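Colleague: Can you keep this structure in mind? I'll have questions shortly.
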Amino acid sequence: MVYLLFESLVALHILGGVTGAVAFWIPVVGRKGGSLHIKAGRIFTRALLITGTCAILMSLLTLAEPIATHPHLEGKFDETFIRGIFGWMMLYLGVLTLNLVWYGWLCALHRNDRMALREWRNLWSQPILVIAAANCAWQGWIGDQMLMVAIAFVGFATAATNLWFMFKPTLSKVDWQKEHLKALVGGGISVYTAFMAFGSVRIFPELALNPVMWAIPLTIGVSIIIYQWAKLDGYLRRFQARPLRATKS
């Protein structure tokens with residue numbers, strides 16, 4: 001029964017992840033702010049909310065029944081390892097995914113209205129993410145899985161930068177776009193990492209912890225963020241350099 005429930009969540013998780021992975025590229029490479037960008041963004045956000053929720057439920061089942069949920073790993077890894085990687089780390093990554101996509105969507109929805117951005121789900125998801133990240137780091141430390149420790153710092157940085165934007169004293173004209181981009185591209189990194197790292201487990205289990213499988217989506221995603229941020233900074237400089245129009249007396 002547990003395995004059947006787990007596999008049903010896996011199927012829904014994959015469906016949401018594939019949908020999000022495809023929709024991800026439309027806003028990234030397409031014209032910004034158009035109707036197609038907005039529609040694809042909605043699909044991406046909803047798909048990853050489903051994906052992240054399924055990841056959390058899958059992780060909880062794994063923590064309760066590590067072998068029953070992962071019978072293909074029996075004899076290859078012990079229960080402590082399975083709980084650590086496919087339980088605690090997946091729980092953290094699910095929380096991170098929900099945090100990123102919800103925050104990123106609200107940044108576009110409310111733009112410079114930070115009071116609206118401070119709605120209760122968005123506020124509470126920041127300390128919850130910190131707790132999940134800290135637990136992931138601790139479980140990795142006691143289980144001698146340094147990947148879990150390293151990946152936890154993404155959660156700390158995410159929560160810190162999210163809160164900084166929500167409460168910083170002043171904003172530039174492009175700050176909300178930078179945050180929107182950071183969060184949703186971060187969500188894209190998470191879904192591609194899941195496919196390359198966790199998805200490979202069923203075929204090559206040892207690849208789940210291969211740094212290359214984690215580095216490829218991260219490198220591409222961070223490159224997209226840096227490139228798009230540079231374009232936004234260039235726009236802001238050009239806007240600020242425009243001469244003021246003379247007003248009629």
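The values are calculated or read from the model by the stated rules, or taken from the named source; none is laboratory data. Please read all numbers here as calculations on a predicted model, not as lab measurements. Don't worry about glycine lacking a Cβ; one is built from the backbone with ideal geometry, like all the others, and counts go over all protein chains shown.
Colleague: Could you tell me which numbered condition Val191 fails, if it satisfies all but one of (1) aliphatic (A, V, I, L, M); (2) more than 19 Å from Leu49 (Cα to Cα); (3) buried (at least 17 other Cβ atoms within 10 Å of the Cβ); (4) modelled with pLDDT of 85 or more?
Modeller: Going through the list (1) aliphatic (A, V, I, L, M); (2) more than 19 Å from Leu49 (Cα to Cα); (3) buried (at least 17 other Cβ atoms within 10 Å of the Cβ); (4) modelled with pLDDT of 85 or more, Val191 breaks only (2).
Colleague: Let me ask another. Report, ordered by the first and then the second residue, all pairs with beta carbons closer than 9 Å, sequence separation of six or more or different chains, a first member in the stretch 80-99 that is closer than 26 Å to Asn162 by Cα, and a second member that is at pLDDT 95 or above and of a type in the set (Phe, Trp, Tyr).
Modeller: So the pair list comes out as Trp88/Trp138.
Colleague: For the stretch 1-73, list the helices (runs of 4 or more DSSP H) that sit wholly inside it and hold at least 1 residues that are more than 22 Å from the chain's Cα centre (by Cα) and surrounded by fewer than 14 Cβ atoms within 10 Å (Cβ to Cβ); which are they?
Modeller: 2-29, 35-64
Colleague: Okay, next question. Looking at this structure, is Phe167 without any contact (Cβ under 8 Å) to a residue 24 or more places away in the chain and not aliphatic (A, V, I, L, M)?
Modeller: So Phe167 does not fit the description; no.
Colleague: Within the stretch 81-90, does at least one residue satisfy the condition of being touching a Lys or Arg at 6+ places or on another chain (Cβ under 6 Å) and either more than 21 Å from Phe198 (Cβ to Cβ) or crowded, with 22+ Cβ neighbours inside 10 Å (or both)?
Modeller: no
Colleague: Please find, among Ile14, Ile43, the residue that is within 20 Å of Ile224 (Cβ to Cβ) and modelled with pLDDT of 90 or more.
Modeller: Ile43
Colleague: Output yes when any residue across the stretch 122-131 is in a helix (DSSP H, G or I), surrounded by 21 or more Cβ atoms within 10 Å (Cβ to Cβ) and in contact (Cβ under 8 Å) with a residue 40 or more places away in the chain, and no when none is.
Modeller: no
Colleague: Is there a residue in the stretch 151-174 that is outside any loop (DSSP other than H, G, I, E, B), modelled with pLDDT under 85, within 24 Å of Thr69 (Cα to Cα) and under 21 Å from the mean Cα position of the chain (by Cα)?
Modeller: So far as the stretch 151-174 goes, no, none of its residues is outside any loop (DSSP other than H, G, I, E, B), modelled with pLDDT under 85, within 24 Å of Thr69 (Cα to Cα) and under 21 Å from the mean Cα position of the chain (by Cα).
Colleague: Is it the case, given these coordinates, that Val212 is among the hydrophobic types (A, V, I, L, M, F, W, C) and modelled with pLDDT of 85 or more?
Modeller: no
Colleague: Residue check, Asp144 against (1) part of a helix (DSSP H, G or I); (2) out of contact with any Phe, Trp or Tyr (no Cβ under 9 Å at 6 or more places or on another chain), all met but one. Which one?
Modeller: Only one criterion in (1) part of a helix (DSSP H, G or I); (2) out of contact with any Phe, Trp or Tyr (no Cβ under 9 Å at 6 or more places or on another chain) is unmet by Asp144, namely (1).
Colleague: Cβ-Cβ distance below 6 Å, separation of 6 or more or different chains: which pairs start in the stretch 30-42 with a residue that is closer than 18 Å to Val101 by Cβ and end on one that is surrounded by 12 or more Cβ atoms within 10 Å (Cβ to Cβ) and at pLDDT 90 or above?
Modeller: Here the result reads Ala40/Ala23; Ala40/Ile26, each pair linking the stretch 30-42 to a residue that is surrounded by 12 or more Cβ atoms within 10 Å (Cβ to Cβ) and at pLDDT 90 or above.
Colleague: Which residues, counting only those in the stretch 146-186, are touching a helix residue (DSSP H, G or I) at 6+ places or on another chain (Cβ under 9 Å) and among the polar types (S, T, N, Q)?
Modeller: Thr158, Thr161, Asn162, Ser172, Gln177
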